[in-house]
Amino acid sequence: MRRTLRWVLSLVVLIGTVGAAGATTGAATAAEPGGTDVAGASDTGDTNSTDIKDRLLAVPGMSLIEEKPYPGYRFFVLNYTQPVDHRHPSKGTFKQRLTVLHKETNRPTVYYTSGYSVSTTPSRREPTQIVDGNQISMEYRYFTPSRPQPADWSKLDIWQAASDQHRIYQALKPIYGKKWLATGGSKGGMTATYYERFYPRDMDGVVAYVAPNDVVDKEDSAYDEFLDGVGPRECRTRIQEVQREALVRREPLRAKLAAYAEAEGYTFKTVGTLDKAFEAVVMDLVWGFWQYQPAATACGTIPDAATATDQALFDYVDSVGGWSSYTDQGLEPYTPYYYQAGTELGSPNIGQPWLGDLSRYGYQPPRNFVPRDIPMKFKPNAMRDVDRWVKHNANRMMYVYGEYDPWGAEQFKPARGAKHDSYVFTAPGANHGANVAQLVAADKAKATQRIQAWAGVSSSSGKPLAAYDKKLDRRDVRKEQTLRP
């Protein structure tokens, strides 16, 4: 995928909960008595007076980075020691970063990952607000600082990452003994899906937002068809004209990029040349526009390609795609993502016929964005296996997509029917930030009710159980995902 296509005891104790390779295991044993909640007061109905921080740090392999105060919660940034290879846990470990937003041990727990790095600022995902629960957030392996040193990149795959989640769940389930839901947006929604595929007995439900499902990497016509029909025709035409004009004016715009890169100290060793980086940003423009621009107002912000100055074009492309995206400095934090896109996840390759012969490199593959000393080999069966499993075995799984989001062109299609209790919803007019709150009223009530039921906190109101918090619940999806999926 691309930028626009675009987380000491003995070794025997450390690895005691690691399952056999590829096997699914049952949920952890019933919870121990709960700990304390905010400000050290005992959780309702609890007889255990141990402070929640002490209980977390009593978990073998868990260590504290810092605790940050937040009204109504305890928020911890932690490290957890994981095997580099869950199939061979004796061959080294690394520290994986996670956070705990603690409310009460007698509340449900939402298990979140973005699929990238983890934020160390207290925040609350939508399902956490809906069920008024705790939240465990995990950094995806190989995103710094959760990267083994030296890094064996062959151990970065969806099964190893799912096994990371499984071990953290097993470690924390005795503390948080109520029901658990897995969630994530975009690559995080994919991650929640893969976790459910490999460890289907862990979670009581899955809520996956805007999760791409590129089943056959070489067959991407669905994305071309989507871009041919998304939004108003005039809007599609205007953004395509800007994209084409940027390539027509390659020389003056490239000169501006060179000056910008020199001023900022940016280099282009990974992608190869400044020209390749320039074109990659321009080729992303149409996708990035529909992925993140607000549907109601975005068309009016597109400059007139025929009359715009070079600077106006340069600035507009930067506002949508970001000229730093394919510099070495822009790519380096996302090396794990591009590696996975080029080995398992797949990456859309859109045709863009309106560009004619202006493109020199085409839609460049993930291999171009990963340093050449990291070997990559694509595994075509990985996504097919997950897609098959979801279609036939999904149970209590929910997918939420946005009408204008290109990533929704290829969706997960969970097993349907009452016994599977699984759903796909589309938020009208929404983009890559689509969520339950943006669904039409009937769908929003249904989705909210099912999420609460899965969490064991059923409510007839059809509304979130926790009031909106402008700091905890505020979302800047573009900033969080940097125009990657």
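The values are calculated or read from the model by the stated rules, or taken from the named source; none is laboratory data. Computed from a predicted structure; not experimentally measured. Reconstructed Cβ throughout: ideal geometry from the backbone, glycine too, with neighbour counts over all protein chains shown. Just so you know, the surface numbers come from the protein's heavy atoms only, side chains and all, with ligands and any DNA or RNA stripped out. Shrake-Rupley method; radii C 1.70, N 1.55, O 1.52, S 1.80 Å.
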Open item on the list: For the range 368-485, what does the relative contact order come out to in percent, with C-alpha contacts under 8 Å and a separation of six or more?
Closed with: 19
TODO: Could you please state how large a percent of the accessible area of the chain is carbon and sulfur, counting protein chains only and using a 1.4 Å probe?
DONE: 51
Open item on the list: Helix-only estimate, please: 222 nm mean residue ellipticity of the chain, summing -39500 (n - 2.57) across DSSP H runs of length 4 or more and dividing by its residues, to the nearest 500.
Closed with: -9000 deg cm²/dmol
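What FRET efficiency comes out for V440 versus D275 if R0 is 41 angstrom and r is the Cβ-Cβ distance? Round to the nearest 0.05.
0.35
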Task: Fraction of antiparallel bridges per DSSP, the chain only, in percent to nearest 5 - done: 50
Task: Per residue accessible area in Å² of the chain, where ligands, DNA and RNA are left out and the probe is 1.4 Å - done: 39
Task: Candidate lysines - alpha carbon under 25 Å from K377, same-chain residues fewer than 8 apart omitted - done: K91, K155, K187, K218, K269, K276
- [ ] Starting from the Cα of L57, step 7 Å toward the Cβ, then list every residue of the range 72-106 with an amide N under 11 Å from that point.
- [x] none
Task: Cα gyration tensor of the range 347-485 - equivalent ellipsoid semi-axes, whole Å, descending - done: 34, 21, 16
Open item on the list: Could you compute the net charge surrounding P122? Neighbours are other residues with a C-beta less than 12 Å from the C-beta of P122; K and R count +1, D and E count -1.
Closed with: +3
